[in-house]
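S.K.: Starting off with a structure, shown below.
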Amino acid sequence: MPELTETRRAFRIHGRVQGVGFRMWTYRTASELGLRGTVRNMPDGTVEVVAAGPLEALDRLRTLLHEGPPAAEVARVDETEPPAGDLPAGFEIR
């Protein structure tokens, strides 16, 4: 059986996304999708997500990030160049 190719993506989520459970929601969502990576609050009030895994799972995560958890108000999701370097074996809140 051929090994699945891993793709890496980075997203910056804008809006009311800090203090509303966005990082924990992203952690659970990405873990359920079988992705690995990180989610963290940024000083400018956005949330940064770096994720790696199968392309279909990353596409699903992108779609879900536009909704976020119930208390969030997502204004927009930018896809950015993923940073170089290693990602954790699972998904982590930073």
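The values are calculated or read from the model by the stated rules, or taken from the named source; none is laboratory data. All values reported here derive from a predicted model rather than from experimental measurement. Cβ: placed from backbone, ideal geometry, glycine included. Neighbour counts: every protein chain shown. The accessibility values were calculated without ligands, DNA or RNA, using every heavy atom of the protein model including side chains. Shrake-Rupley method; radii C 1.70, N 1.55, O 1.52, S 1.80 Å.
S.K.: How about segment 1-26: which of its residues are open to solvent by 60 Å² or more (accessible area, probe 1.4 Å), without any contact (Cβ under 8 Å) to a residue 60 or more places away in the chain and in a strand (DSSP E or B)?
M.R.: ARG16
S.K.: Here is a follow-up. Just for segment 1-26: of the residues that are modelled with pLDDT under 95 and farther than 15 Å from GLU79 by Cβ, which one is farthest from the chain's Cα centre (by Cα)?
M.R.: MET1
S.K.: Next up: So, in segment 28-50, exactly how many residues are open to solvent by 50 Å² or more (accessible area, probe 1.4 Å), in contact (Cβ under 8 Å) with a residue 40 or more places away in the chain and touching a Lys or Arg at 6+ places or on another chain (Cβ under 9 Å)?
M.R.: 1
S.K.: Which of the residues spanning segment 51-94 are out of contact with any helix residue (DSSP H, G or I) (no Cβ under 9 Å at 6 or more places or on another chain) and crowded, with 20+ Cβ neighbours inside 10 Å?
M.R.: LEU58
S.K.: If you go through segment 27-70, how many residues are in a helix (DSSP H, G or I), aliphatic (A, V, I, L, M) and under 12 Å from the mean Cα position of the chain (by Cα)?
M.R.: Pass one, segment 27-70, residues in a helix (DSSP H, G or I): 27-32, 55-65.
If we keep only those that are aliphatic (A, V, I, L, M) too, we end up with 30, 55, 57-58, 61, 64-65.
Within this subset, residues satisfying the condition of being under 12 Å from the mean Cα position of the chain (by Cα) are 30, 57-58, 61, 64-65.
Residues in segment 27-70 being in a helix (DSSP H, G or I), aliphatic (A, V, I, L, M) and under 12 Å from the mean Cα position of the chain (by Cα): 6 in total.
S.K.: Which one of these does ARG76 not meet: (1) in a strand (DSSP E or B); (2) within 12 Å of the chain's Cα centre (by Cα)?
M.R.: (2)
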